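**Q** Structure provided below as structure tokens; questions to follow.
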Amino acid sequence: MTTTIALAGKGGTGKTTLSALLIRYLMEERSGAILAIDADPASNLHYVLGMELYQTIGEIREDMLEQVQTSGALAGSMPGGMSKQEYLDYQVQMSLVEGERIDLLAMGRPEGQGCYCAANQMLRLILDRLKDNYDYVVIDNEAGMEHLSRRTTRDVDVLLLVTDPTQRGLITARRMEEMVPELEIGVGHVYLVLNRLRGDGSLSEVPHPLAQAIEEAGLHLIGVLPEEPAMAAFEFTGRPLVELPDDSDLYQAVRGIGEDILENGVR
């Protein structure tokens, strides 16, 4: 059975950092294979995971459309005698970045002006089938809910809404939660993660006015991510964030979120 965890929130709130450290937690403390999906057009997840990225789904989609347009393959097969579904499936498999217990798939930039309806439907079928090969799927989404609203994946066990400690961030998170019933996908649990708060990541350190605003918004706060002094040096040197020390407050906070999700939220 696959457990799917998706992250959403406005830009710059730390979704990619949380995604990477959740993946590290799964690799270190849970058994099973992991699929990481970078659904942000900026495609930064591979950097913080310390993995190489060679091709994105967006590039595959562009290439397929170009081949259809130039070869007249719209009604027939793609070059090499493959059907369009087989060709796309093969290209997706080739684009997977394979690591130890983790594979990475980057969605890349959004589609251009051509019609991608058929290709997107094929991709959804492939991703649905691909998920069955993994115990965990972690989806780092772009700002907003675009990939979820396009039904990049059919079902999400846990949706983490990541926000900074601001009223505007909470309003955005609340609006995103309100959108969930409109997405036409199954979402099991929705939790709020508060990022860049001073302290060691304890829920008790959330200032009262902020805690009250979260309660009034009807959001379920599952964890707090503290400011991490070492992050600036990691980002400046390009060192993967998954190499943060085990005892860092940030990683320990993410570890706590992972345990709560898997032991209380899903299983």
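**Q** Which cross-chain or sequence-distant (5 or more) residues have an amide H under 5 Å from the amide H of Thr4, H modelled 1.01 Å from N in plane?
**A** Excluding prolines and chain starts, which carry no amide H, the hits are Val137, Asp157, Val158.
**Q** Long-range amide H contacts for Ile102: which residues qualify at under 5 Å (H placed 1.01 Å from N, peptide plane, sequence gap of 5 or more or a different chain)?
**A** The answer is Ile34.
**Q** What do you get for the angle between helix 15-29 and the principal long axis of the chain? Use alpha-carbon atoms, 0 to 90 degrees, nearest ten.
**A** With both axes taken from Cα atoms, the answer is about 90 degrees.
**Q** Summarise the accessible area of segment 1-68 (1.4 Å probe, protein heavy atoms) by the percent that is carbon and sulfur.
**A** Within segment 1-68, the accessible surface is 48 percent carbon and sulfur.
**Q** With every protein chain present, what is the per residue accessible area of the chain (1.4 Å probe, Å²)? Please report the intermediate quantities before stating the final value.
**A** Numbers: 12490 Å² over 267 residues.
Normalised by residue count, the accessible surface of the chain is 47 Å².
**Q** Same structure again: For Ala211 and Phe236, calculate 0.36 nm times their separation in residues minus their Cα-Cα distance, and state this gained length in nm to one decimal. If you can, show how the numbers build up before the last one.
**A** Working: separation 25, 0.36 × 25 = 9.00 nm, distance 3.32 nm.
The Ala211-Phe236 span can extend by a further 5.7 nm.
**Q** Considering only Glu177, Glu66, Glu227, give the residue with the highest GNM mean-square fluctuation for the chain, with springs between Cα atoms whenever their separation is below 10 Å.
**A** Most flexible of the set in this elastic network: Glu66.
**Q** Could you tell me whether segment 137-260 comes out rounded, prolate or oblate from its Cα gyration tensor? Rule is a ≥ b ≥ c as square roots of the eigenvalues, rounded for a/c under 1.5, then prolate if a/b exceeds b/c, otherwise oblate.
**A** Because a/c hits 1.5 or more and a/b fails to exceed b/c, segment 137-260 counts as oblate.
**Q** Summing Lys, Arg as +1 and Asp, Glu as -1, what charge do residues with Cβ under 15 Å from the Cβ of Leu221 carry, Leu221 excluded?
**A** -4
**Q** Among Thr172, Gln69, Leu127, which residue has its Cα furthest toward the positive end of the charge dipole of the chain, with +1 on Lys/Arg Cβ and -1 on Asp/Glu Cβ?
**A** Final value for the positive-end residue is Gln69.
**Q** Report, in debye and to the nearest 20, how large the dipole of the chain comes out about its Cα centre when Lys and Arg carry +1 and Asp and Glu carry -1 on their Cβ.
**A** Dipole of the chain, to the nearest 20 debye: 580 debye.
**Q** Also, quick follow-up: Provide the per-residue ³J(HN,Hα) series for segment 246-254, in order, calculated from phi with Karplus coefficients 6.51, -1.76, 1.60 and θ = phi - 60°, each as a whole number of Hz, with x at glycine and proline positions.
**A** 4, 8, 5, 4, 5, 5, 5, 5, 5
**Q** Could you check which residue among Pro181, Pro209, Pro165 shows the biggest mean-square fluctuation in a GNM of the chain with a 10 Å Cα cutoff?
**A** Pro209
**Q** Does segment 171-237 come out rounded, prolate or oblate by the C-alpha gyration tensor, with a ≥ b ≥ c the root eigenvalues, rounded set by a/c under 1.5 and, if not, prolate when a/b is larger than b/c and oblate if not? Please list the in-between numbers first.
**A** Working: a/c = 2.78, a/b = 1.50, b/c = 1.86.
Judged from the Cα gyration tensor, segment 171-237 comes out oblate (a/c at least 1.5, b/c at or above a/b).
**Q** Using 0.36 nm per residue, how much length does the chain from Arg30 to Asp155 gain when fully extended, once their Cα-Cα distance is taken away?
**A** Between Arg30 and Asp155, full extension yields an extra 42.9 nm.
**Q** Report, by chain and number, residues whose modeled amide H sits under 5 Å from the one on Met107, excluding near sequence neighbours (fewer than 5 apart, same chain).
**A** Amide H to amide H, under 5 Å and 5 or more residues apart or across chains, Met107 pairs with Asp38, Ala39, Asp40, Ile57.
**Q** Right, here's the next one. How much accessible area does Glu178 have with a 1.4 Å probe, in Å² rounded to the nearest 10?
**A** 110
**Q** Here's a follow-up. With n ≥ 4 as the cut-off for DSSP H runs, can you work out [θ] at 222 nm for the chain, using -39500 (n - 2.57) per run divided by the number of residues, rounded to the nearest 500?
**A** Values: 10 runs with 107 residues, N = 267.
Here the helix-only value at 222 nm equals -12000 deg cm²/dmol.
The values are calculated or read from the model by the stated rules, or taken from the named source; none is laboratory data. Note that this is a predicted model, so its numbers are computed, not measured. Here the Cβ is made from the backbone with ideal geometry for all residues, glycine too, and neighbour counts use every protein chain on show. We work out accessible area using only protein heavy atoms, side chains counted, and drop any ligands, DNA or RNA first. Shrake-Rupley method; radii C 1.70, N 1.55, O 1.52, S 1.80 Å.
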